[in-house]
Structures are given as C-alpha cells and as structure tokens.
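Peer 1: I'd like to ask you about the structure that follows.
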Amino acid sequence: MKDGKIPNPMTIHPISGYDKEIYVKPTLKNPNIIVGDFTYIADSNSDK
C-alpha cells in the first residue's frame, strides 16, 4: 500500500499510465475460472 491507499482488484490496469500489467480477475467472463483478487499478468516485451 502506497500512501495508505488500498488497490482496487477490479481495476484492469492497476498502475495508471502503465498498460503492460493487468489484473486478471476483472477480465474474466467465465464463472468457472477462479483466480485471486490480485492475480496479475505483466508483459515486459513491448515489441510484440
């Protein structure tokens, strides 16, 4: 927690202005797929 702020797990892009990291949970549409609130994917390869 930075500055006492709690991150919102339903925000797709948790870092404003940085689109290479997303929280997975808000992108899922299938109720049979279960992930944690703060499961994330980060793409460091920006060439693709």
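The values are calculated or read from the model by the stated rules, or taken from the named source; none is laboratory data. Keep in mind the model is a prediction, meaning the values are calculated, not measured. Here the Cβ positions follow ideal geometry from the backbone for every residue, glycine too, while neighbour counts run over all protein chains shown. All accessible areas refer to the heavy atoms of the entire protein, side chains included, with ligands and DNA or RNA removed. Shrake-Rupley method; radii C 1.70, N 1.55, O 1.52, S 1.80 Å.
Peer 1: Filter the stretch 1-24 for residues that are in contact with a strand residue (DSSP E or B) (Cβ under 9 Å, 6 or more places away or on another chain) and among the charged types (D, E, K, R); which is nearest to ASP37 (Cα to Cα)? Step through it out loud before you land on a result.
Peer 2: Residues of the stretch 1-24 that are in contact with a strand residue (DSSP E or B) (Cβ under 9 Å, 6 or more places away or on another chain), as a first pass: 7-15, 20-24.
Those still in the list that are among the charged types (D, E, K, R) too: 20-21.
Details: LYS20: 18, GLU21: 14 Å.
Per the criteria, the residue is GLU21.
Peer 1: Could you please tell me which pairs satisfy a Cβ distance under 7 Å, a separation of 6+ or placement on different chains, a first residue in the stretch 22-45 that is without any contact (Cβ under 8 Å) to a residue 60 or more places away in the chain and more than 15 Å from MET10 (Cβ to Cβ), and a second residue that is outside any loop (DSSP other than H, G, I, E, B) and not small (Gly, Ala, Ser)?
Peer 2: ILE41/ILE22; ALA42/GLU21
Peer 1: For PRO26, state whether it is open to solvent by less than 60 Å² (accessible area, probe 1.4 Å), in contact with a Pro (Cβ under 8 Å, 6 or more places away or on another chain) and at pLDDT 95 or above.
Peer 2: Details: open to solvent by less than 60 Å² (accessible area, probe 1.4 Å): yes; in contact with a Pro (Cβ under 8 Å, 6 or more places away or on another chain): yes; at pLDDT 95 or above: yes.
So PRO26 fits the description; yes.
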